[in-house]
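Following: one structure in structure tokens, then a few remarks.
The values are calculated or read from the model by the stated rules, or taken from the named source; none is laboratory data. These figures come from a predicted structure and were not determined experimentally. All Cβ positions, glycine included, derive from the backbone under ideal geometry; neighbour counts span all protein chains shown.
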Amino acid sequence: MRIKKAVFPVAGLGTRFIPATKAMAKEMLPVVDKPLIQYAVEEAFQAGIEQIVFVTGRGKKALEDHFDRSYEIEHALEAKKKHDLLKQIRELVPPTGTIIYTRQHEPLGLGHAIWCARDIVGDEPFAVLLADDLIQTDRPVLSEMIQKFDRLRASMAAVMEVPKDQTDKYGILDATAVEKDIYRINDMVEKPSPDQAPSNLAIIGRYILMPKIFALLGKKQTGAGNEIQLTDAMKTLLQEQPIFGYKFHGNRFDCGDKVGFQMANLAFALERPDMKDRLLAFIKEVQAEEQG
Ligand code: G1P
């Protein structure tokens, strides 16, 4: 029961980032100089994932090209003797056959996107990563979760506490702490209003799922926002199997939101020694101007 496959739903319309996402998947938006999707793919490979399944939609071409070789660029970099960059762009191309693309024909929700990968994943537990949730940490979340999975042998979602007035943006848990950083989930609900929310413990976009989830998603029941929700299928799975929440360590940025996306850019840029000082000086300048 090793986790070998990771599913990346990348078919979202990215309407909040129009016009940037008119012709390009929102997962291709760069944080500093790397597209969001690359952070998530690197996290998956670091965690020992061997096969990546992209469930794509519009803007698939840029994504496919990103993880493919570009002889034109390689040639130009070679000619300019930019060996570091050349190494970088060659390294980001996984071996042939490790990425599989499938297409979600209609935007019917996250649960439906995952279901589209059923035949590729087959009858084994697998990971799901939502590239929008960018997590700055020195302990990559999926690696930590796979380690926990090796012991707990059950489905799992990454969780964090969110402000009580934001429960309607997340899958929210009713859960009991069972050991350090681990909760046993009793119930879950997708995007409840604050007065309906069982807690402020929210699901963040990293999951390990048992393959039984596909049969439940296949029932195609719609939930919040009239979409087929992963949270609803997990709630049904709870009747048969335990599901755990893993409270990760790190700063999570909601890159599906414009402000969250800008914060992510700033936080990741400030980690770069070659960018930090100029940025800090600029922030101080802007702050001084704001304060008049
Ligand atoms: C999805 C899930 C939700 C989860 C969230 C994390 O929602 O449906 O349960 O809390 O991701 O980012 P979305 O952000 O796609 O609306």
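Given the condition in a helix (DSSP H, G or I), of a type outside the set (D, E, K, R) and surrounded by 20 or more Cβ atoms within 10 Å (Cβ to Cβ), answer yes or no: does some residue in region 234-249 qualify?
Yes; the residues of region 234-249 include at least one that is in a helix (DSSP H, G or I), of a type outside the set (D, E, K, R) and surrounded by 20 or more Cβ atoms within 10 Å (Cβ to Cβ).
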Query raised in the report: For region 218-225, does any single residue satisfy the condition of being surrounded by fewer than 12 Cβ atoms within 10 Å (Cβ to Cβ), within 27 Å of E27 (Cβ to Cβ) and within 13 Å of the ligand (Cβ to nearest atom)?
Result: yes
Query raised in the report: Just wondering, is there one or more residues in region 82-96 that are polar (S, T, N, Q) and touching a residue at least 24 places away in the same chain (Cβ under 8 Å)?
Result: no
Report task. Name, by its number, the condition in (1) at pLDDT 95 or above; (2) within 14 Å of the ligand (Cβ to nearest atom) that does not hold for F268. Result -> (2)
Query - Any pair with Cβ under 6 angstrom, 6 or more apart, that starts in region 200-214 at a residue that is over 22 Å from R153 (Cβ atoms) and ends at one that is more than 16 Å from the ligand (Cβ to nearest atom) - result: none
Report task. Take region 70-84 and flag every residue that is charged (D, E, K, R) and either within 22 Å of T96 (Cα to Cα) or part of a loop (DSSP other than H, G, I, E, B) (or both). Result -> E72, E74, K80, K81, K82
Report summary line: In region 87-124, anything assigned to a helix (DSSP H, G or I), of a type in the set (A, V, I, L, M, F, W, C) and at pLDDT 95 or above is listed as L110, A113, I114, W115, I120, V121
Query - Residue list for region 17-57, filter: surrounded by fewer than 18 Cβ atoms within 10 Å (Cβ to Cβ) and assigned to a loop (DSSP other than H, G, I, E, B) - result: I18, P19, A20, K22, A23, V32, D33, G48, E50
Query - Selection from region 250-271 of residues that are out of contact with any Phe, Trp or Tyr (no Cβ under 7 Å at 6 or more places or on another chain), without any contact (Cβ under 8 Å) to a residue 40 or more places away in the chain and assigned to a helix (DSSP H, G or I) - result: V259, Q262, L266
Query - Verdict on I228 being within 14 Å of the ligand (Cβ to nearest atom), under 25 Å from R118 (Cα atoms) and in contact with a His (Cβ under 6 Å, 6 or more places away or on another chain) - result: yes
